[in-house]
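Here the structure comes first, spelled out in structure tokens, and everything after it is commentary.
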Amino acid sequence: MSDFHSRLEEQLPRLRRYARALTRDTHRADDLVQDTLVRALAKQHLWQTGTNLRAWLFTLMHNQHVNDVRRSNRDGGNIDVADMASVLVAITDPTASCQLRELERALARLPLEQREAILLVGLEGLRYDEAAAILEVPIGTVRSRLSRGREALRKLMGMEDAPAAAAGELDGLAQAA
């Protein structure tokens, strides 16, 4: 197995997690990961050794997802995300399970641009500049999407009275997911 293939395999859990958060559907997420891997293998000659493979793969996935959404909109195959959202389950702590479901519903209500920024920075732990490169927007746009998205999440989850504490709690919930 080549070095590229083994490094690609190491990224599978992150790709799956990001795809599931983007699509809100396990089957569509699996299809998105597969399409991303096919594209990565076909374009592996474009990846430069020593650069961030995860950021490159997330860029491919983001672009594939945007293409899929546009194709779906063009073909008239719109699906209500709320109807298709899977339920996060925390088996050991019912309070955490409720909080995760609330966070999932709140994330689903955010505009796609804000949700993507929050998922890349908050869940995947990417730096702002890496998220900006993946989303193909300026770093300031990532910052404003994060700010607006976090504020919207706080309001949707009834945490608008304590922004600083809520931001830490949201980060903790996102990492738990």
May I ask for the net charge around residue 9, where only other residues with Cβ less than 14 Å from the Cβ of residue 9 are counted and Lys, Arg are +1 while Asp, Glu are -1?
+2
Note: residue 7 to residue 108 extended length (0.36 nm per residue) minus current alpha-carbon separation gives 33.3 nm
Order by protection proxy (mean Cβ within 10 Å, highest first), peptides 41-54, 111-124
111-124, 41-54
The Cα radius of gyration of the range 1-69, divided by 2.2 N^0.38 Å with N its residue count, comes to 1.05
Ratio to report: Rg/Rh of the range 108-150, with Cα atoms as the point set and Rh obtained by the Kirkwood method; give two decimals.
0.91
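Values quoted throughout were computed directly from the atomic coordinates according to the rules given, and no laboratory measurement underlies them. Quantities reported herein were computed from a predicted structural model and do not represent experimental measurements. In this analysis, Cβ positions are derived from the backbone assuming ideal geometry, glycine residues included, and neighbour counts consider all displayed protein chains.
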